[in-house]
Amino acid sequence: MYDFLMGPLLVISIILFFSGIIYKLYALIRHSKSISLISKYRAISSDHLGNDGIFKSLNLYDRLLLSFQNSRLKSNLLFLLLTSIFHLLVIVTPIGVHAHGILFYHYSGISVASFSDKIADTFTVTIVLFITIFLLRRLFVLSVKRITSLYGLMLPIITALPFVSGFMAYHQVGNYDLMISLHLISAQVLLVMLGWSRLGHIMFIIFSKIFIRSEFSVFKGFRQWGK
Amino acid sequence: MDEPINELSEIDQKGLKKILRDRKDIKFLLSYCVSCGLCSETCFYYKNTKDPQSTPSYKMLNSAGLLYKLNSNVRYDHLIRMKYLIWGKCVLCGRCFCPMGINIPSIIAFARSICREHGICENYENHPRGI
């Protein structure tokens, strides 16, 4: 079971993950349009990043600062902090876990830096805690509840599963073989969903910050999603 | 009065299906919404009324999103109910901000165009607000 999960199934899920990202990026660009000359000039009046002169004079730090100042997240600082830390941890934790580093070295011969098991534990607990907060928000904040479907409720749970099962497997809670199998299956499901479902927003938000010209973008966007 | 302003009373399912099929970008963008609810704070209508049905994502998902969901089962009352959302609770000011970059006004405008094609739109003879 373990060999199968770590062998062919892992390869399939990695292929599906990358193909999903490539397809989505292709679809995003295909379903977007270049900013027309008219909207480019119209943007100057309402959007100071639309003005090339001012934009050029700013360095990356100022652009990030301006992007933050213009962001609506500023009015919801707690949520900004929660989402930023959560998304960062979700990316960093699986890469930095020591056991994953050993496995990666075993398969590729490349040694990667990893952090201690205590830090990994803290990160995992923090992630699960944040997911619980997001889940509760989806269940009880009326404006979010109204737009959340059953599938929308499943997404945080699917994200939490590999972290919970990995934590339990490491601490030998329950049957180890079962836990490690659950960990591998749930992590591979998550990997495929990162490529093909809306969970991929964790990566595509970067593209929207680059491509879309708006008062929130860090770079000089030249496209717009939707036509 | 909830009557369409023209003589149409049945939905041209075939035509509607073709329109929905032609606008794959709208379908794609709708599937891109992660229901984070952050757009709500940018809508002046929501900020003033605190009506959970007036958040930009709710309006988007329950207008064009509903059309894609129902596909060939769209009925007239669906469009009439939609009218209260996309005209009554939205002025297409374009100030809504989606962290994912979804162009919400373009999607609502698309839903409006489908309603108009079926004779459902603002009617200022009935009410000064048109709805």
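General remarks:
- Share of carbon and sulfur in the accessible heavy-atom surface of segment B:44-131 [1.4 Å probe, %]: 50
- Within the accessible area of segment A:101-199 (1.4 Å probe), percent carbon and sulfur: 74
- Solvent accessible area, Å² - A:Thr122, 1.4 Å probe, full protein context: 80
- Here's how it looks for A:Arg223: its modeled amide H is under 5 Å from those of A:Ile35, A:Ile212, A:Arg213, which are all 5 or more places away or on a different chain.
- Length added when fully stretched, A:Asp3-A:Val189, from 0.36 nm per residue minus Cα-Cα: 65.3 nm
- Accessible-area loss of 50 Å² or more (1.4 Å probe, protein heavy atoms, chain alone versus all protein chains) is found in segment B:33-49 for B:Val34, B:Ser35, B:Leu38.
- Taking every protein chain into account, the accessible area of chain B amounts to 49 square angstrom per residue (probe 1.4 Å).
- Residues of segment A:114-130 with an amide N closer than 20 Å to a point placed 7 Å from the Cα of A:Gln172 along the Cα-to-Cβ direction: A:117-122.
- Listed pairs B:Lys69/B:Lys89; A:Lys24/B:Lys83; A:Lys209/B:Lys27; B:Lys17/B:Lys83; B:Lys24/B:Lys89; A:Lys145/B:Lys14 exceeding 29 Å between Cα atoms: A:Lys24/B:Lys83; A:Lys145/B:Lys14
- Across peptide A:134-141, the mean count of Cβ atoms from other chains lying within 10 Å of each residue's own Cβ comes to 1.
- The largest accessible area among B:Met82, A:Met203 belongs to the first residue in A:Met203, B:Met82, and the rest follow in falling order (1.4 Å probe, all chains).
- Area buried, chain A against chain B - accessible surface, total, 1.4 angstrom probe, square angstrom: 2700
- Rounded if a/c under 1.5, otherwise prolate or oblate - chain B, Cα gyration tensor axes: oblate
- Counting only DSSP H runs of at least 4 residues, each contributing -39500 (n - 2.57), and dividing by the residue count of chain B, the helix-based mean residue ellipticity at 222 nm comes to -13000 deg cm²/dmol.
- On full extension, the segment bounded by B:Leu92 and B:Phe44 gains 16.2 nm, given 0.36 nm per residue less the C-alpha separation.
- The residues of segment A:74-210 expose on average 56 square angstrom of accessible surface per residue, using a 1.4 Å probe on protein heavy atoms.
- For chain B, averaging the sequence separation of C-alpha pairs within contact (under 8 Å, six or more residues apart) and dividing by the residue count gives a relative contact order of 33 percent.
The values are calculated or read from the model by the stated rules, or taken from the named source; none is laboratory data. Since the model is a prediction, treat every value here as computed from it, not as a measurement. Note that each Cβ is placed from the backbone with ideal geometry, even for glycine, and that neighbours are counted across all protein chains shown. Note: accessible area is taken over every heavy atom of the protein model, side chains too, but ligands, DNA and RNA are not part of it. Shrake-Rupley method; radii C 1.70, N 1.55, O 1.52, S 1.80 Å.
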